[in-house]
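Q: Here you go, one structure.
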Amino acid sequence: MRKRIVILAVLVALICLLAVSASAEKIIKLTFTGDCTLGSEELKRNQPTSFDTKVAEMGYDYFFKNFAEMFAEDDATIINFEGVLNNSRAGENTRKTYRFRGPTEFTQILTSVSIEAAGLANNHVSDYGNQGLDRTKNALEEAGIAWFRLTKYYLVEKDGVKVALFALDTSTYPNYAETIRAETIRIKSEGIANAVVLVYHGGNEYDPKHNANQNLVVQRMIDAGVDLIIMHHPHIVQGIGIRNNRYVCYSLGNFVFGGNCEIRNEMYRNTREVSSLYALVVRAELHFDDDGTYIGQQLFLYPAFISGDAPHNDYQPHLVTGEDAAIVFDHVQYDTAFQLPDFDEKLGCMVMPYIGVHDELTLETPTPTVRPTSRPRTTAKPTTKPTDAPTDQPTDVPTDQPTDQPSNPPADDPSNPPADNPPVDNPPADDPPADNPSTDNPPADNPPADNPSADNPPADNPPADNPPADNPPADNPPAEKPVENPQPDNPPAGGDE
């Protein structure tokens, strides 16, 4: 009798264990960085301070080594690959002031750490025409690194849950926005993906606040079902937004950025001093229930400096804490409409509140703070990495849905959406960086068809005479056609970084 009772108790315990396991949440962890240029500006390639020279001196594993442990902890690490991998100057668009290129062997920089995918939608992927873009795609594929761009998405799968990632920029948005919106709806309804992430390249360079175009992208894409938006291009950090209980990161800044030999510091339109030294690395955790239904998300924001030798660029980003972290988050808070949580020194990151799909949010108004009067002159590289951030929800969560803070336009209010034709992303007429006094400013008219470039405003509807395919295949669609009808290359007076 006692034996039967023991067996029965064991069976009950197993059933309970299976029930708990069956109801457990599933989490996909994604890590995002800002702009990565693995190569040099063409006219600076052989200089002693160039990225190519640093590769020759330090080897491939130097550049991302401070993040090797962090990148290995997630389910996928995703970078924005801003430049070209090509072993020659073939196809070079000399109309552009800045052309970024590295040899194809530089893929070994990416494979030295756990980087799984690269977004290829930005204003430098066609610096060497379609030939350079195709060679970049081939080099990444040969190295085992996925790439995604326009209708070709990247799929992360774990425990039966799938997350699709799309990449767009301001030059491709007019022709592809409606297609990506439709694709988001389709792949979710057909069970191809349980959640969708958009990686978007746009905004004003060196503008401390995001603009109306970024707001428009957020409204249209999240309203179509996108669950998270990660942005870059301004070369500096911008704020955090929330729409429909989905997070938006308006700019992560630069990361391993071979395009500039020096850190760029400047006063933006006499409003605020900004610096390309500051960066964010974002760990996004997407939560799903047992049947794969998306139920919520949480972000962990890691502050970083892109160089340990500022004002020079040593091309080796590192995490920061203390006063250095405070100055990074001061710039993030400046463009955020709600009060950000305190930086957690122990974890080495800012833990954003978990947001469930049905949560009612109540946000705190930002607390006025005294900004640091000067930036750090030296930067110490950490010898250890923070532990993986916890997945439980912090107790003191701010919750209200904010209105996004544009640079000049009205707040992002769903009841008062911006006009269909938002203002152009106009970078300021800055002087070029000190390390690149190039004077070969490209003409603004009639660029080659393979050269998507400076930020032009996204249009709501793609031109009727050149629409992309409306019905891509159910599986991962093939790459787009070479000619994408890009917008004219209108860089600021100092050039287009």
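No value in this document is a laboratory result; all are computed from the given coordinates. Keep in mind it's a predicted model, so treat the numbers as computed, not measured. A quick note on method: Cβ atoms are made from the backbone with ideal geometry, for glycine too, and the neighbour counts reach across all protein chains shown.
Q: Output wanted: per-residue J couplings in Hz (rounded whole) for the stretch 195-201, from phi through Karplus 6.51 cos²θ - 1.76 cosθ + 1.60, θ = phi - 60°, x for Gly and Pro.
A: 8, 10, 10, 10, 9, 10, 10
Q: Pop the C-beta distance of Asp359 and Glu73 into the FRET formula with R0 = 30 Å and round what comes out to the nearest 0.05.
A: 0.70
Q: Taking only C-alpha pairs under 8 Å that are 6+ residues apart, what is the relative contact order of the stretch 167-243 in percent?
A: With pairs under 8 Å counted, the relative contact order is 36 percent.
Q: Calculate the spin-label point distance for Glu57 paired with His312, positioning each point 7 Å from the Cα along the beta-carbon direction, and give it in nanometres.
A: Each label point is offset 7 Å from its Cα along the Cβ direction, giving 0.6 nm.
Q: Which one of Gly39, Asn93, Gly119 is farthest out on the positive end of the charge dipole of the stretch 39-135, using unit charges on Cβ (Lys, Arg +1; Asp, Glu -1) and the Cα centre as origin?
A: Asn93
Q: Multiply the residue separation of Thr271 and Asn87 by 0.36 nm, subtract the distance between their alpha-carbon atoms, and state the gained length in nm to one decimal.
A: Taking Thr271 through Asn87 to full extension adds about 62.0 nm, to one decimal.
Q: How far is the Cα center of the stretch 112-131 from the Cα center of the stretch 217-277, in Å?
A: 18
Q: Sticking with this one: For a quick check: with amide H placed at 1.01 Å from N, whose amide H comes under 5 Å from Asp314's, ignoring anything fewer than 5 positions away on the same chain?
A: Gly308, Asp309
Q: Starting from 0.36 nm per residue, how many nanometres of slack lie between Thr94 and Thr49 once their C-alpha separation is accounted for?
A: Additional length available on full extension: 13.9 nm.
Q: Based on the alpha-carbon set only, what is the convex hull volume of the stretch 75-157 divided per residue, in Å³?
A: 84
Q: How about the stretch 31-114: which trypsin sites (Lys or Arg not before Pro) there are in a DSSP loop, with at most 10 other Cβ atoms within 10 Å of their Cβ?
A: none
Q: Considering only Cα-Cα distances, which of the following residue pairs are longer than 31 Å: Lys54/Lys346; Lys44/Lys65; Lys26/Lys65; Lys65/Lys152? Present the calculation step by step, with values, prior to reporting the outcome.
A: Working: Lys54/Lys346 33 Å; Lys44/Lys65 25 Å; Lys26/Lys65 29 Å; Lys65/Lys152 29 Å.
The pairs that break the limit, which is 31 Å between Cα atoms, are Lys54/Lys346.
Q: On to the next question. Enumerate the residues in the stretch 33-56 having an amide nitrogen under 16 Å from the point lying 7 Å beyond the Cα of Glu105 toward its Cβ.
A: 39-40, 46, 51-56
Q: Please list, in chain and number order, the residues 5+ apart from Asp169 or on another chain whose amide H is under 5 Å from its amide H, with Hs placed from the backbone.
A: Excluding prolines and chain starts, which carry no amide H, the hits are His201.
Q: At Glu190 and Leu347, where each label point lies 7 Å from the Cα along Cα→Cβ, what is the point-to-point distance in nanometres?
A: Roughly 3.8 nm, to one decimal.
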